[in-house]
Amino acid sequence: MAGGRIRAKLRRSNLYTFACHRPHPTEEDKTDEIEGPGYSRIVHCNKPHIHEIKPLKYCTNYISTTKYNFLTFLPKAIFEQFRRVANLYFLLAAALSLTPVSPFGPMSMIAPLAFVVGLSMAKEALEDWRRFIQDMKVNLRKASVHKEGGVFGLKPWMKLRVGDIVKVEKDQFFPADLLLLSSSYEDGICYVETMNLDGETNLKVKRALEVTLSLDDDPTFEGFDATIRCEDPNPNLYTFVGKLDYNSRVHPLDPNQILLRDSKLRNTAYVYGVVIFTGHDSKVMQNATKSPSKRSRIEKQMDKIIYILFSFLVFISFISGVGFIVKTKNDLPHWWYLQVPDREGLFDPNKPLQSAFYHLVTALMLYGYLIPISLYVSIEVVKVLQAIFINQDLNMYDEESGTPAQARTSNLNEELGQVDTILSDKTGTLTCNQMDFLKCSIAGTAYGTRASDVELAAAKQMVMDMDGQGQNGNGNFSEKNGHEFAGPEIQLETVITSKDEDAINNKNPIKGFSFEDSRLMNGNWFKEPNENNILLFFRILSLCHTAIPEQNQETGVFTYEAESPDEGAFLVAAREFGFEFCKRTQSSVFVREKYPSSQEPTEREFKVLALLDFTSKRKRMSVIIRDEKDQILLLCKGADSIIFDRLSKNGRMYEEATRKHLNEYGEAGLRTLALAYKKLSEEEYSTWNDEFTKAKTSFGADREANLERVSDLMEKDLILVGATAVEDKLQKGVPQCIDKLAQAGLKIWVLTGDKMETAINIGFACSLLRQGMRQICISSNLDAIVQDCRQAAKEDILQQITNGTEMIKVEKDPHAAFALIIDGKTLTYALEDDMKHHFLNLAIECASVICCRVSPKQKALVTRLVKEGTGKITLAIGDGANDVGMIQEADIGVGISGCEGMQAVMASDFAIAEFQFLERLLVVHGHWCYKRIAQMICYFFYKNIAFGLTIFYFEAFAGFSGQSVYDDWYMLLFNVVLTSLPVISLGVFEQDVDSEVCLQFPALYQQGPKNLFFDWQRIFGWMANGLYTSLVIFFLNIVIFYDQAFRLEGQTADMVAVGTAMMTCVIWAVNVQIALTMSHFTWIQHFLISGSITMWYLFLLVYGEMAYSLRVNAFRVLIEILAPAPIYWSTTLLVTVLCNLPYLAHISFQRSFKPLDHHIIQEIKYSRKDIEDGHMWSRERSKARQKTKIGFTARVDAKIRQLKGRLQKKYSTMSTCHHPIGQQQT
Amino acid sequence: MEMDGRSSSSAVIEADSVSLQQSRRSKFIHQFTQQSLPACKPVLSPPFVISVFFVVGLIFIPIGIVALHASRSVVEIVYRYDGECVPEPYRSNKLAYIKDDSISKNCSKSLKIPKHMKAPIYIYYQLDNYYQNHRRYVKSRNDKQLLHGLKYHDASSCHPEDANHGHPIVPCGLIAWSLFNDTYSFSRGVVDLKVNRKNIAWKSDREHKFGKQVYPVNFQNGTLIGGANLDPNIPLSDQEDLIVWMRTSALPTFRKLYGRIEEDLDADDVISVNLFNNYNTYSFSGSKKLVLSTSTWLGGHNDFLGIAYISIGTSLIFIAFVFLLLHVNNPRPYGDTSNLSWNWKPISS
């Protein structure tokens, strides 16, 4: 910003024809509507102190997105915690544990609950604290505010009040919703980037009222006084109604004067504005929605399991209750040694129902081990640790910006492993929104040797594939011949691309320019045959635009402030070619032209007679200039289809060649524009100009139509000069990432606010589209349709959708791929209830789907449609505030961090620095986390069923009295110490295959979306295993320790001995089980599993020795009673083996006869076959891709098919080989 | 390097080792955070599984045989006397018999020793349908009182056997109150067999759980008499039958050690048992048995363990053979790629 401000004030409105015409003279009658409810806001400009007292006291500019504050945290957070049914259940249990009904002491219930709730609350507090810090960062940003007497000073944003006058400089954010008063441009225009609001990348023009234009300097605000009456705060971004009472005249205000908070001032040195809406009143804050709390599918499924288990719990409690009634009523009176009824009435044979009720409560608590509170703790802990691993992954760390990946919530880790559809934003996500001038075609000759990213990667892939095939020698056509024919062509491409790669490394890159061709550079173009056309081409580049140059005073290099990045790239290109656009005045453009003939550049002035600017409808822009030789020229650039339609008969000389080049550029994923010109005679111009001026000065609804018509008259009979190809720089690794994700079986939809052509270009660039793919474009010709014919429009769209579906049905070729491209307007109809399923069905059939010009709302709606319509898991990825809706709506929202706007990241569940990290996030971390959590939950249920049911069985032997065979402490420690750490290590460290293999075999990812590891069969299998284990443990122990002496010294086992022996078996069985479940042992797992078992014995020793006043029964139970008895040890061995026998047999049977993919890969890895037999490995790797129709690989396959077809033809004419064409497919 | 090492001072070496340690630690941290710690990834290959099954089976069978042998070597005599010891007139109303203190509870019986019994011969009483594991029963004790006597008299858990006529009871609670009170004495011919009733309780119980200075107080003085009375002059730590009784059993059928005969009994010896049938099991129709048994390293007569070991060992070997057969008939080469899911479909279609 420092070196820039040397240009004179300009009246930008002169440059424009469409966008910024002056408003019509004030229509006083319109202001009447600003009365009554909804329009009560009064702003006293420059008198913020008035707004400090009621009733004009509006909210401050302090924003807070936190959920709690210091006072409300405790009650609110506790309330939140106990809104979870599970926690409430545990709270109830804890409360009951204080009563005599409880089968065990209160600590064993309260302590874990306090731990769980405390942990969750600490997590909440931490997250809220982070939000607070983020808020404060924004709140403490400094804004320049009018203090007094025309002096401006800095104030933090949060101190701003309604009525303050603020000055905002270039590239700063607006601190609140402002009324634009004046700008550095004489006519009060300013440019605003609204990326954060709606995601549109092109700049918007805002303009001040005529009356406030004079307020363009600090001192002028000294006595400034005005009053604004306007609408109340509302979330509508595109409307504003208000009036400004200034100098006792009333002026109406419209959205054009409003600068919204969180948008950014661009290309304008400074603006002055009055604060109208502050803080939470501002439109962007009004738009903010509470982010919904998301839960993963696995967790939802887990809830169902919990319900099942809870029903089971109630069921066995009920059985136990019935048993209790029978025993209490019939037998208890005879059991004289019990002396019933007791004081508390827990065992009262006379009131069996009352006692039974108490017993039911006791039983529910006693068997509560089926629904372990520790499951929630463990899952919470595991997820936090998994999130830490995600955050720590160096492969997802962006070194340039220093941003690591960030799991903002840990709730959804496992969901990452089950994603089916990715909905991606385009700008800033797939692309960096940086355009590079890469190639051009001038007068039918293609220039520019550097390959685009897409070409590079494609060529690489192709060479690799061909190599692989050659070595395997299983080509469909004989190897020798195949090489003879395929070789040279492929090699040629390799040579070119590899050269290019070198060039990139060697050269200092110029931003926006990566063109390379010595024929045009360094003035060599002069020697080319078509040098006149080339000159014209360069002139169009340097003249046909609306940009403003800015000179860096130190280096003298010009930079350009253009409305769109393409334009900027053109100007940089022109500068590099020697046509440096250096100055723009009100009526002229100055270009320093450098010819090889002379050393010094000559500065030429071109008078701009008219400028017909670019609109998405026109898809072209033109300037009419008068050069120094008084020649009038119309220079035009625009979408190729538009330009080609407007060529004159003799202007089509290069059409065919250019078309061919344009196709190639399109295929290479480049954005193309065609350039044309036309010479005008003086009369021609003046007659047209009269009409144009008339149209320009007309008012009313048809003004724009008029202008368009007149422009249309001018822009015809053009002469084609050439075409440009600009690379919309994809972010690093995007095509590869998309390729891999497609191979992993993921569907990728692009939802972009950009226009259709751009979106299609990017589709090509990312290989989401390719030449030869059938594009089903669904669009509504809304222009042709009169407003009230909604029905007709809908029918039209429905027809298009049906046609598309038909087309796909009819298609026989298995390689045919379809792409669906739909625009926002059409989408509004397509998303209506009666249409959306047709639309979705079509979209699912298509290999790629691109939605263009979609609003943020529509993005969210499409996301919801996919999510609800397919029932599969969706992931939305985006970087801007316009993606927030989609990010919040999707099952998983991923934000691209590292860019300026934080909204997307703030709303997201995961934040990554670049799109390419998505591959690792899903394929590695997602895959792992899914399996880990799935296995962990299954195991957890197994473990607690195995343990909990033994307690139930014992009841049948204890008169259903609610006595537990285990000591209280055993039960308390079972979940907390004795079995928790191995299961956590399973959840944190388990890897079925290592990360490299995950990436090499993307097909493994499909295990997640197919939910192979958490389907009901598996869950019930584990539960059955738990049931079996409990039966074995209980009955074996009971039979063995029944009535006989268990030691040489003749002692018989009492309850403590039986309970301890049984518990030992439980500990061994479940810990051995988890060792069998794991497939990845680092020393941590070894340590934790053996540690858990050791811990049990240690605990027994310590507990046995501990103050006997604590619990006398278990005193020295291990060393004195059990350890000397061989039967104790042999029972442990027997039970452990018998418990795990079926599982071991099952998994070895499955592995031997129905192996899953990861089993085989584990075996290959284990036997190191991948190193010994590299061919096999790489063959399997290439086979392991999911059949996909998008991505490079598909593209290369298609190309190879095509190539082979061609070769085959050649070959068959030469010899008598009869291999069918294009059959081979890898 | 070595030259350098020799010439440099020990401090340098130390610093080296410190930095080495540090780099090791940072390497560990790196591997840990990147989840690439060296790991062992065992694969359950068929040969491995088969040999595991086979080996475990081979280990189990001998264990089973030894255990079964041990169990079979135990000689056990079980004599149920609860019915027999009720005099004929009272057979229809046993409850009246047991509750009537005026009737002599004396009862004699001759037992023939089937096999040589080596000393020590353990004497047990076995009760049936007696729920010592009932929650009300289990809780009805005060461990602190047992150890420290009246100093700790918060005997709410002992209710209703916590106090009598306003005086606390030691030992309180239902368990102590219902102490088993049948007594046995044995004679071979005319010679009495000495029954050793010492050391039948766990040593730790005697020494640490029942106070040496704690004497029974106010015990069995209430209106309801439960079981045995205790000699108020003997401290609790020496009342071993109480200590044994206080170890509540896990199951409603249980044996408790009564004493030991420390003489060998020969086969075909006839011993006469003289017992006092005091304890009331008639109200809940529980049986009472007298058990004489020798013991081995495995404890008493317990065939189940040995049989279980043998049968599981056999089935393990059987499974190993089944696996082997399946594997031989239908071998899947180790790491065979044709089993990968992406290689299936072309074959099937």
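The values are calculated or read from the model by the stated rules, or taken from the named source; none is laboratory data. Note that the structure is a prediction, hence the values are computed from the model and not measured. Methodologically, a virtual Cβ is constructed for each residue, glycine included, from the backbone with ideal geometry; neighbour enumeration extends over all protein chains shown.
Of the strands (runs of 3 or more DSSP E) lying entirely inside region A:512-621, the ones with 2 or more residues being among the acidic types (D, E) are found at A:602-612.
Take A:I1084 and decide whether it is at the interface with chain B (Cβ under 9 Å from one of its Cβ atoms), aliphatic (A, V, I, L, M) and over 56 Å from the mean Cα position of the chain (by Cα). Here the answer is no, as A:I1084 does not meet what is asked.
In region A:1025-1042, which residue that is farther than 19 Å from A:Q963 by Cα and within 12 Å of another protein chain (Cβ to nearest Cβ) is nearest to the chain's Cα centre (by Cα)? So, considering only residues that are farther than 19 Å from A:Q963 by Cα and within 12 Å of another protein chain (Cβ to nearest Cβ), the one nearest to the chain's Cα centre (by Cα) is A:V1032.
Do we find a residue being under 30 Å from A:P100 (Cβ atoms) and outside the structural domain of A:M936 (by the TED database) anywhere in region A:377-388?
First pass over region A:377-388, keeping only residues under 30 Å from A:P100 (Cβ atoms): A:377.
Now narrow it down to the ones that are outside the structural domain of A:M936 (by the TED database): A:377.
Checking region A:377-388: at least one residue is under 30 Å from A:P100 (Cβ atoms) and outside the structural domain of A:M936 (by the TED database).
Give me the residue from region A:1110-1150 that is among the charged types (D, E, K, R) and surrounded by fewer than 21 Cβ atoms within 10 Å (Cβ to Cβ) and, out of that set, nearest to the other protein chains (Cβ to nearest Cβ). Reasoning before the result, please.
Of all residues in region A:1110-1150, those among the charged types (D, E, K, R) come to A:1111, A:1116, A:1120.
Next, from what is left, pick out any that are surrounded by fewer than 21 Cβ atoms within 10 Å (Cβ to Cβ): A:1111, A:1120.
On the way: A:R1111: 8, A:E1120: 5 Å.
Among those residues, the one meeting the criterion is A:E1120.
Looking across region B:67-105, the residues that are aliphatic (A, V, I, L, M) and either at pLDDT 90 or above or not assigned by TED's automatic domain parsing to the domain that holds B:L257 (or both) come down to B:A67, B:L68, B:A70, B:V74, B:V75, B:I77, B:V78.
Only one entry in A:N552, A:N533 is buried (at least 17 other Cβ atoms within 10 Å of the Cβ) and farther than 29 Å from A:I762 by Cβ, namely A:N533. If I filter region A:239-282 down to residues being in a strand (DSSP E or B) and of a type in the set (K, R), which single residue comes out as farthest from the chain's Cα centre (by Cα)? Checked region A:239-282; the qualifying residue farthest from the chain's Cα centre (by Cα) is A:R249. Criterion first (at pLDDT 90 or above, over 30 Å from B:A119 (Cβ atoms) and either crowded, with 22+ Cβ neighbours inside 10 Å or within 14 Å of another protein chain (Cβ to nearest Cβ) (or both)) does A:V1070 satisfy it? Considered against the rule, which asks whether it is at pLDDT 90 or above, over 30 Å from B:A119 (Cβ atoms) and either crowded, with 22+ Cβ neighbours inside 10 Å or within 14 Å of another protein chain (Cβ to nearest Cβ) (or both), A:V1070 comes out as yes. Does A:R1185 qualify as being of a type in the set (K, R) and modelled with pLDDT of 70 or more? In short, no. Inspect region A:291-312 for any residue being surrounded by fewer than 18 Cβ atoms within 10 Å (Cβ to Cβ), within 14 Å of chain B (Cβ to nearest Cβ) and assigned to a helix (DSSP H, G or I) and give the result as yes or no. Taking every residue of region A:291-312 in turn, none turns out to be surrounded by fewer than 18 Cβ atoms within 10 Å (Cβ to Cβ), within 14 Å of chain B (Cβ to nearest Cβ) and assigned to a helix (DSSP H, G or I).
Residues that are among the hydrophobic types (A, V, I, L, M, F, W, C), farther than 10 Å from B:A250 by Cβ and either facing chain B (nearest Cβ under 7 Å) or surrounded by fewer than 24 Cβ atoms within 10 Å (Cβ to Cβ) (or both) within region A:1043-1066 comprise A:A1045, A:F1046, A:L1048, listed in sequence order. Polar (S, T, N, Q) and more than 11 Å from chain B (Cβ to nearest Cβ), is that true of A:T1077? So A:T1077 passes the test. Of all residues in region A:211-218, at least one satisfies being of a type in the set (A, V, I, L, M, F, W, C) and part of a loop (DSSP other than H, G, I, E, B).
Pairs meeting the criteria (first residue in region B:41-66 and in contact (Cβ under 8 Å) with a residue 24 or more places away in the chain, second residue charged (D, E, K, R), beta carbons under 9 Å, at least 6 apart or on different chains) are B:S45/A:R1151; B:S45/A:E1163; B:P46/A:R1151; B:P46/B:R332; B:V49/A:R1151.
When every residue of region A:326-345 is checked against the conditions, at least one turns out to be more than 12 Å from chain B (Cβ to nearest Cβ), closer than 30 Å to A:A1024 by Cβ and not polar (S, T, N, Q).
Taking region A:946-997 as the range and being in a loop (DSSP other than H, G, I, E, B) and either over 30 Å from A:A744 (Cα atoms) or among the hydrophobic types (A, V, I, L, M, F, W, C) (or both) as the test, the residues that pass are A:A958, A:G959, A:F960, A:S961, A:G962, A:Q963, A:S964, A:V965, A:Y966, A:D967, A:T979, A:V993. Each residue in region B:116-156 was checked for being surrounded by fewer than 17 Cβ atoms within 10 Å (Cβ to Cβ), touching a residue at least 40 places away in the same chain (Cβ under 8 Å) and either within 8 Å of another protein chain (Cβ to nearest Cβ) or part of a helix (DSSP H, G or I) (or both), and 2 pass. Of all residues in region A:671-720, those satisfying the criterion of being in contact with a strand residue (DSSP E or B) (Cβ under 7 Å, 6 or more places away or on another chain), under 22 Å from A:R626 (Cβ atoms) and among the small types (G, A, S) are A:A676, A:S711. Among the residues in region A:1091-1109, are any over 19 Å from A:S985 (Cα atoms), free of Cβ contacts under 8 Å to residues at least 60 places away in the same chain and polar (S, T, N, Q)? The answer is yes, given that some residue of region A:1091-1109 is over 19 Å from A:S985 (Cα atoms), free of Cβ contacts under 8 Å to residues at least 60 places away in the same chain and polar (S, T, N, Q). Within region B:43-96, being touching a Lys or Arg at 6+ places or on another chain (Cβ under 9 Å) and more than 9 Å from every other protein chain (Cβ to nearest Cβ) holds for B:V75, B:I77, B:V78, B:Y79, B:R80, B:Y81, B:D82, B:G83, B:E84, B:C85, B:V86.
Residues in region B:140-195 that are among the hydroxyl-bearing types (S, T, Y) and under 29 Å from B:F276 (Cα atoms) were compared, and the one that is modelled with the lowest pLDDT is B:S140. Residues that are surrounded by fewer than 15 Cβ atoms within 10 Å (Cβ to Cβ), among the hydroxyl-bearing types (S, T, Y) and at the interface with chain A (Cβ under 10 Å from one of its Cβ atoms) occur in region B:332-347; there is at least one. Only one entry of B:D192, B:D231 meets the criterion of being among the acidic types (D, E), surrounded by fewer than 20 Cβ atoms within 10 Å (Cβ to Cβ), within 30 Å of B:V270 (Cα to Cα) and assigned by TED's automatic domain parsing to the domain that holds B:D100, and that entry is B:D192.
The single residue among A:A86, A:A77, A:A94 that is surrounded by 15 or more Cβ atoms within 10 Å (Cβ to Cβ), under 30 Å from A:R343 (Cα atoms) and not assigned by the TED database to the domain that holds A:L972 turns out to be A:A94. A residue that is within 30 Å of B:N302 (Cα to Cα) and either modelled with pLDDT of 80 or more or facing another protein chain (nearest Cβ under 10 Å) (or both) cannot be found anywhere in region A:1158-1181. For A:G871, the conditions (1) touching a residue at least 40 places away in the same chain (Cβ under 8 Å); (2) surrounded by fewer than 24 Cβ atoms within 10 Å (Cβ to Cβ); (3) out of contact with any strand residue (DSSP E or B) (no Cβ under 8 Å at 6 or more places or on another chain) all hold with the exception of (1). Consider A:R920 carefully, then state whether it is among the basic types (K, R) and surrounded by 24 or more Cβ atoms within 10 Å (Cβ to Cβ). Here the answer is no, as A:R920 does not meet what is asked.
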